[in-house]
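What follows draws every value from the coordinates through simple rules; no lab data is involved. Everything numeric here is computed off the predicted structure, so don't read it as measured data. For neighbour counting, all protein chains shown are included, and Cβ atoms are generated from backbone atoms with ideal geometry for every residue, glycine included.
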Amino acid sequence: MIELNDVRKVYGDSTEAVSQVSFEVEQGETATLVGPSGCGKTTMLTMINRLTELTDGEIIIDGTPISEHDKIELRRNIGYVIQEIGLFDHMTVGENIGLVPDLRGWDEQRKQDRIDELLELIQLPAGAKDRYPEALSGGQQQRVGVARALAAEPDIMLMDEPFGALDPITREELQDEFVEIQAGLDVTIVFVTHDINEALKMGDKVAVLNKGELVQYDSPRDLLANP
Ligand code: ADP
Ligand code: ADP
């Protein structure tokens, strides 16, 4: 579980990017953060993996404030997906997905099993494992990005506009697919988007942000009932 308690972030001495934000994401739930550009979504996300320091308040993961977690251990447990895909061009799809398991010293069999399992999950065609990223469509590349972030079985996934660079049709396909994928995972997800429809579709809970403030935090159903 992730808890944010009165979290605040001020950049420099005046830009208040996040003001007194509190909410909880239960284990296995997906929370979407939605709001216009500049409302503090990315800042909130990167505070969770400690890329950005908090100014005030605290973030608690599984009962322990993140300031007391070992930074490297914390990040090992957090998959991170951003819009700019960043697959390694000189590595095959399988090698990209197997990168973190390799760094963690997994044996070959365990790694290959995990790659196969993930390729099935993201519904890539047989043979994609040995292809290079440039041979894949944008949507397929983004699926591989998701698989790579899931490879080492993180408890948490942070996703920052992961489908933002895709054309509308592919984007919708990936949203549908990901809703299915996430249902089968016990991963706590925080998903940033500026698109309210995407937020409603992907989130068990939706955090609506405006100018650094949390305007509403509700299930999509309650949000639609009390807009
Ligand atoms: P969003 O993800 O919703 O677009 P951000 O979290 O990126 O919002 O930004 C929130 C506010 O903080 C914006 O006013 C932005 O200009 C500012 N900001 C973000 N990152 C930095 C930074 N590294 N230094 C200074 N200001 C920043
Ligand atoms: P490893 O996962 O191999 O232990 P580290 O945790 O040492 O790697 O991370 C190395 C660098 O990669 C970090 O300084 C950071 O910039 C980036 N990084 C790794 N994991 C994450 C993450 N979950 N979120 C954001 N950046 C990360």
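Rounded, prolate or oblate: pick one for the chain, where a ≥ b ≥ c are the square roots of the eigenvalues of its C-alpha gyration tensor, a/c under 1.5 means rounded, and failing that, prolate if a/b is larger than b/c, else oblate. It comes out prolate by the Cα gyration axes.
Using the Cβ-Cβ distance between residue 56 and residue 219 with R0 set to 25 Å, the FRET efficiency works out to roughly 0.35.
For residue 183 and residue 67, a Förster radius of 22 Å and the Cβ-Cβ distance give a FRET efficiency of 0.10, rounded to the nearest 0.05.
Quick check on the stretch 1-102: take the gyration tensor over C-alpha atoms, sort the square-rooted eigenvalues as a ≥ b ≥ c, and tell me if it's rounded (a/c under 1.5), prolate or oblate.
Here the stretch 1-102 falls in the prolate category.
Does the stretch 71-175 classify as rounded, prolate or oblate by the C-alpha gyration tensor (a ≥ b ≥ c root eigenvalues; a/c under 1.5 gives rounded; else a/b over b/c gives prolate, otherwise oblate)? Oblate. Checking every one of the trypsin sites (Lys or Arg not before Pro) in the stretch 37-118 against DSSP loop status and a limit of 13 other Cβ atoms within 10 Å picks out 104. Amide H contacts of residue 157: 79, 188, 189, 190, each under 5 Å away and 5 or more positions distant or on a separate chain (H built 1.01 Å from N in the peptide plane; Pro and chain starts excluded). Residue by residue, the stretch 47-53 carries 3J(HN,Hα) couplings of 6, 5, 9, 6, 7, 10, 6 Hz when phi is fed to the Karplus relation 6.51 cos²θ - 1.76 cosθ + 1.60 (θ = phi - 60°); x denotes Gly or Pro. Amide H contacts of residue 91 (H built 1.01 Å from N, in plane; Pro and chain starts excluded): no residue 5 or more places away or on another chain comes under 5 Å. Spin-label model, residue 23 to residue 117: label points 7 Å out along the Cα-to-beta-carbon direction sit 3.0 nm apart.
Taking other C-beta atoms within 10 Å as the exposure proxy, 137, 14 rank 14, 137 from fewest upward. Our estimate of slack between residue 137 and residue 104, defined as 0.36 nm per intervening residue step minus the Cα-Cα distance, is 9.0 nm.
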